[in-house]
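Student: Have a look at this one before I ask anything.
The values are calculated or read from the model by the stated rules, or taken from the named source; none is laboratory data. Values in this document were obtained by computation on a predicted structure and should not be read as measured data. Note that each Cβ is placed from the backbone with ideal geometry, even for glycine, and that neighbours are counted across all protein chains shown.
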Amino acid sequence: MTIHVDPDRLRDDFDALAAIGATADGGIERLALTPAHLEARAWFLRRASEAGLETVVDAAGNHSAILPSTAPDAPTLLLGSHLDSVPRGGRFDGALGVLAALEVLRVVQAERLELPVALEAIDFSDEEGTLVGLLGSLAAAGALDADMLAAPRGGRKALLAALARAGLDEARLIDARRDPRTLAGYLELHIEQGPVLEQAGVQIGVVTAIVGSRSLELVFEGASAHAGTTPMAARRDAGLGAARFVDRVHETVSSGFPGTVATVGSIELEPGAFNVVPGRARVLLEFRAGTAAELDRLEQRLLDEARSVAAAQRLELQARPVGRWEPTALDPSVRAVIAAAAASLGLSTQELASGAGHDAQALAQVTRAGMIFVPSVGGVSHQPGELTPWQDCVNGADVLLQSALGLALGGPT
Ligand code: GLV
Ligand code: MN
Ligand code: MN
């Protein structure tokens, strides 16, 4: 008889978690290592303890619930995602994967299944990159690099303050590294965050690959000046440079780089007043592509555009790389296990690539990794309107359960 997750228990958890950091518009805000995020993580460990599971927090702040195996020297099958969010984010991104992982452990425990692997439900630190990006999962994979910590996406000051709040030591983050020989694999359930599954009317996505992305901080420097007395032609307006650059980014990518995306997600103008021509513009640029070669080409081209805009407005330009995540293929054998699990539950599947980044990207460097997607209504994500019909969430959790059993029981690790 096929075992299933408990949809009501999962729903209770989902609602309780969504109340932590809830925003008035129905979303959540739990930026990495802020009080709301730390509260969500503490809640997760409490739920795990209440279920009689072991709990652990590693040197990178990753929070885990563990169901040990009775087999000697059993490797660990990780099931995870993240409880942090983007600013003004939605309730499903990351949260669904962590809660479903916890639910899988509870079901396996209640069914008294003897597995040759330990199961670990893990909530990784800072997946969203408010601070560094995939901080916890890269640390677990032994791939957290010193450059990323030296020039983090959210700035050094924010990183150090966040680590202090969470009681983490920067020098010890790398101690979270897992010996790959102790891992039996990694599975992550996540909402698709795009329109593909909904439009195709398919219930489960089997993820083939995860896009690579890079982040750059660009600073256009001109001269602040009186907004009433400085003639238009005499200005070195950093705001105009930033605005022209946004337009160039859109044009360049839309016309010459099919299948890639680039975004200016933030512009800060200084000094920032009605009556002062901005002398400085800080621009946060991110771009994504399926191959490293395409990322290189895009980076060169976007930097050329920034230089040309700066020259035309007589601005100085500084560009600083602040993040780099490689495109990643997911393990074909894990994909097959996920597809078989979905089929055994009578659910339709489709293979697709992920345009969003995920912790699976880091774990895939050291262990066989796979991802299960469920549909996102309207393809909407990274905003409060994020929604996946509850039955799809339950389907995804059931596929996670069956895939975990498939990996645990189905052959060599
Ligand atoms: C993470 O959600 C990302 O793709 O930015
Ligand atoms: Mn996510
Ligand atoms: Mn996200």
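Student: So, in the range 126-146, of the ones that are in contact with a helix residue (DSSP H, G or I) (Cβ under 9 Å, 6 or more places away or on another chain) and within 13 Å of ligand 2 (Cβ to nearest atom), which residue ends up farthest from Thr34 (Cα to Cα)?
Tutor: So, considering only residues that are in contact with a helix residue (DSSP H, G or I) (Cβ under 9 Å, 6 or more places away or on another chain) and within 13 Å of ligand 2 (Cβ to nearest atom), the one farthest from Thr34 (Cα to Cα) is Ser137.
Student: While we're looking at this one, here's another question. Kindly indicate whether any position in the range 30-50 is within 30 Å of Pro384 (Cβ to Cβ), among the basic types (Lys, Arg) and in a loop (DSSP other than H, G, I, E, B).
Tutor: Within the range 30-50, one or more residues are within 30 Å of Pro384 (Cβ to Cβ), among the basic types (Lys, Arg) and in a loop (DSSP other than H, G, I, E, B).
Student: Another question, if that's okay. Can you tell me which residue within the range 1-48, out of those that are of a type in the set (Gly, Ala, Ser) and in contact with a Leu (Cβ under 7 Å, 6 or more places away or on another chain), is surrounded by the most Cβ atoms within 10 Å (Cβ to Cβ)?
Tutor: Among residues in the range 1-48 that are of a type in the set (Gly, Ala, Ser) and in contact with a Leu (Cβ under 7 Å, 6 or more places away or on another chain), the one surrounded by the most Cβ atoms within 10 Å (Cβ to Cβ) is Ala32.
Student: Does at least one position in the range 166-186 carry a residue that is outside any helix (DSSP H, G or I), more than 16 Å from Leu79 (Cα to Cα) and within 16 Å of ligand 3 (Cβ to nearest atom)?
Tutor: Within the range 166-186 (the criterion being outside any helix (DSSP H, G or I), more than 16 Å from Leu79 (Cα to Cα) and within 16 Å of ligand 3 (Cβ to nearest atom)), the answer is no, since none of the residues qualifies.
Student: Sticking with this one: Quick one: Thr263 ticks every box in (1) more than 30 Å from Ala121 (Cα to Cα); (2) more than 16 Å from ligand 3 (Cβ to nearest atom) bar one, so which box is it?
Tutor: The one condition Thr263 does not meet is (2).
Student: Hey, among Ala139, Ala118, which residue is surrounded by fewer than 24 Cβ atoms within 10 Å (Cβ to Cβ) and at pLDDT 95 or above?
Tutor: The unique qualifying residue is Ala118.
Student: So, in the range 54-98, how many residues would count as being surrounded by 18 or more Cβ atoms within 10 Å (Cβ to Cβ), within 16 Å of ligand 3 (Cβ to nearest atom) and not polar (S, T, N, Q)?
Tutor: Qualifying residue count for the region: 15.
Student: Shifting gears a bit: Yes or no: the range 323-331 includes at least one residue that is assigned to a helix (DSSP H, G or I) and either more than 16 Å from ligand 1 (Cβ to nearest atom) or buried (at least 17 other Cβ atoms within 10 Å of the Cβ) (or both).
Tutor: no
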